[in-house]
Each structure stands twice: as C-alpha cells, then as structure tokens.
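Worksheet: one structure, shown below.
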Amino acid sequence: MTTRRALLGAALAMPALAQTEWPNRPVRVIIPFPPGGGTDICGRILAQRLAEHWGQPVVVDNRGGAGGMIGTRAVGAATPDGYTLFFNGTLSILRDNFDPRTVVDHVVRATITHNILVVNRSVPVTTLPEFIALLRARPGRLNHGTSGPLASQHLAAVMFDLLAGTRMENIHYRGTGPSVAGILGDEVQVMFGSMSAVLPLIQDGRLRALATASGQRSVAFPDLPTVGEIVPGYAAELTYSFGTPLNTPEPVRRRLADSVRQILADERLVGELRTRGFEPALMMQPELDRYIAEDVTRWADVARRAGLNLNEG
C-alpha cells in the first residue's frame, strides 16, 4: 500500500528530477543585439550545437537596443527555470546606473574574439608605431568608426588614445555593418573592427591590419602584434558567455556549463568558430565572476579618465 509519507517523498523529489532532466522542451537564448553582428553569429553557432547536444530546439531571440540593456533586462524578467538563457559579451561597462549582474548570472564563458585595429588604403602606415606617430602628428584628423557609443570598438579606441597619448575622432554608426561601409568609403579611416567583420576585408587587401586589441595574439594572425606589445598596459578583451536569470537552479547552471564544455571539445566546432574569427576560451565559476568584476573595474576607470557620458547611446 502506498503511504502518505511515500507520496509526499515522491512529490518532493519531482523538482530535483525535473532539474536533472533539463532541458526537456525548447530553450530560448536571448542575444541583446540585432542579427548579423559578432555576438549574433557566435551565439547562433553555439545555440545550434547545444540543440544537437540536448536533443531539444534552441531558439535565438534577438532583443537589440540600448547597448544590450533591453535584452539583458528581458532575461532578468524571465522565469528562472533554465528555459531562457542569455548570450552576450562579458566586456562590461555599467550604463545608466544599470549593472547586468543584478539580473543575470554569467554561468560559463565560451569564446573570445579580437577587435583588430585596421586602417584603409588612405592611411600611409604599415605598422602600429608608424600609426601612433601619424596620430600624434595629426591629432583629431583621423576618424575612427564604431558600431555605436560605448560599444566595444568605441571603448577600445578610447583606451588606445588614453594610453598612447593620441587623439582620434570617434564617429558612431548604428551597428558594425554601417561602420565597415564607412571605412571602405573613407568616411572613417580607422577601426577597431571585430574579427568576424574585418577578416575577409584584410584577406582581400581592402583593409590593413596593424594590431589586435586583445591581450593575446590571434590564432588567425599569429604574426600580428597586440597593441599591448607597443602600448604597455593595453588590453581590450572581447569575450562571449552564456548566462541565466538570477536564482536559476544550480543543477541547471551546472548542466549548462558542462554542456558548453563538451561541445567546445568538438574539433569540428572549433574549426567552424575559428573560420568566423572566434576562439574557444572556456571559463567557469568562480573564475568567471572574478574576471567580470575586474573587467567592470577596468572600464569604469577608463570611462572616468576619458570623461565618457555613460548615459549616451
């Protein structure tokens, strides 16, 4: 005979069992930027592999606007059951007094990419030292294209000017695509362009690569120096992580992190990512929290020193 205690025990076990079986229905991944940019490209590649790994559909939901804040807040408002995930860069600058960590847990870093310092054919330099000398001789005369105020390209240029003692004029576009069109049309002459956007243009000779903005050299361009090799202290990392709403059950978070680890062990996926300008760079908790905290502090200092308006964009 089934006792009342046995029934109660079975009921209490059900939530834990459901968590261990996660996911058992479609999962939504919110990307807080429009389609076509680096975050979207990388997120869709990884979402497809997670769908195959879990045997469940993974649907990408682009929620662009306000520098990523609209999508981030949408994740924070979702039910914390693992069926709404977040995919975004972990480069963190706090805008409009909003800290993404108050609504989203960054669970696992998946990849990094590089912003590459490129110039067009109108700029008569071939090396980073030559470029710095040109900027110092002509302060404010060269235009730098960004994908929007306080985007990673903008911040990379701001840090560069601070540490190199130079001055570029930042021209803000509404996305990476328009900024690339701007440098090809000579509206701007220089960009810290995302690898996925500028790689084919470097390969066909329309843009000239001078350095990578990250703290390490690019696998795609191992002979290309980092900015930090010439300008001490410079590093503008661009990394991508999966996250969940706060209070998502720990078993779900562990399964998500372990699933990302497993798909990144697939050399076919690694090859696909690298052809698009992304490199696997697994990082889990608690190391990821420390990394993001250091990132926030670093960019807050850059913003303060440069006098940036964190309510723009």
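What are the GluC sites (Glu not before Pro) within segment 252-313 that DSSP puts in a loop, where the Cβ has at most 15 other Cβ atoms within 10 Å?
Glu312
Dipole magnitude of segment 115-236 about its Cα centre, charges +1 at Lys/Arg Cβ and -1 at Asp/Glu Cβ only, in debye to the nearest 20?
Using only the charged Cβ atoms, the result is roughly 140 debye.
Answer with one residue from Thr239, Phe221, Ser259: the one whose Cα lies farthest towards the positive end of the charge dipole of segment 207-281, charges on Cβ with Lys, Arg +1 and Asp, Glu -1.
Ser259
Expected output is a single nm value to one decimal: the length gained when fully extending between Leu162 and Asn24, i.e. 0.36 nm times separation in residues minus the C-alpha distance. What is it?
Values: separation 138, 0.36 × 138 = 49.68 nm, distance 4.99 nm.
In short, 44.7 nm is gained.
What share of the DSSP beta bridges in segment 115-236 is antiparallel, in percent to the nearest 5?
55 percent
If you fit an axis through the alpha-carbon atoms of helix 250-263 and take the longest principal axis of the Cα set of the chain, what angle between them do you get, 0 to 90°, nearest 10?
Helix 250-263 and the main axis of the chain meet at about 50 degrees.
Round to a whole angstrom and tell me the spacing of the C-alpha centers of segment 236-250 and segment 172-207.
First find each Cα centre; the distance between them is then 29 Å.
Over the chain, what is the percentage of antiparallel beta bridges among all DSSP beta bridges, to the nearest 5?
Given both bridge residues lie in the chain, the antiparallel proportion sits at roughly 65 percent.
Work out the length of the dipole vector of the chain about its Cα centre, built from +1 on the beta-carbon of each Lys and Arg and -1 on the beta-carbon of each Asp and Glu, and round it to the nearest 20 debye.
So the dipole magnitude of the chain works out to roughly 340 debye.
For a quick check: with amide H placed at 1.01 Å from N, whose amide H comes under 5 Å from Ser194's, ignoring anything fewer than 5 positions away on the same chain?
Here the answer is Ile116, since their amide H atoms fall under 5 Å of that of Ser194.
Mind checking Rg over Rh on the chain, alpha carbons, Kirkwood formula for Rh?
1.04
Would you please report the Å³ per residue occupied by the convex hull of the alpha carbon atoms in segment 207-313?
164 Å³
Roughly speaking, what is the centre-to-centre gap between segment 47-101 and segment 114-150 when only Cα atoms are used, to the nearest Å?
33 Å
Would you please name the trypsin sites (Lys or Arg not before Pro) within segment 173-259 that are DSSP coil residues with at most 13 other C-beta atoms within 10 Å of their C-beta?
Passing sites in segment 173-259 are Arg174.
Can you give the extra length, in nm with one decimal, that the chain gains between Thr297 and Arg261 once fully stretched, where that is 0.36 nm per residue apart less the Cα-Cα distance?
10.2 nm
At what distance in nm do the modelled label points of Ile70 and Ala137 sit from each other, each positioned 7 Å from its Cα along Cα→Cβ?
In this crude label model, Ile70 to Ala137 measures out at 4.5 nm.
Helix 287-306 versus the longest principal axis of the chain: what angle, 0 to 90°, nearest 10, using Cα atoms?
Tilt relative to the chain: about 40 degrees.
Place +1 on the Cβ of every Lys and Arg and -1 on the Cβ of every Asp and Glu in the chain, take the dipole about the Cα centre, and give the residue among Leu210, Gln56, Val270 whose Cα lies farthest towards its positive end.
Among Leu210, Gln56, Val270, the one farthest towards the positive end of the dipole of the chain is Gln56.
Evaluate 2.2 N^0.38 Å with N set to the residue count of segment 115-236, then give the Cα radius of gyration divided by it.
Its radius of gyration relative to the 2.2 N^0.38 Å reference: 0.93.
Output the 0 to 90 degree angle, nearest 10, between the alpha-carbon long axis of helix 128-137 and the longest principal axis computed from the alpha carbons of the chain.
Computed tilt is about 60 degrees.
Just so you know, all these numbers are worked out from the coordinates, no wet-lab data involved. Model, not experiment: these values are computed from the prediction. With ideal geometry, Cβ positions are generated from the backbone for all residues, glycine too; neighbour counts draw on all protein chains shown.
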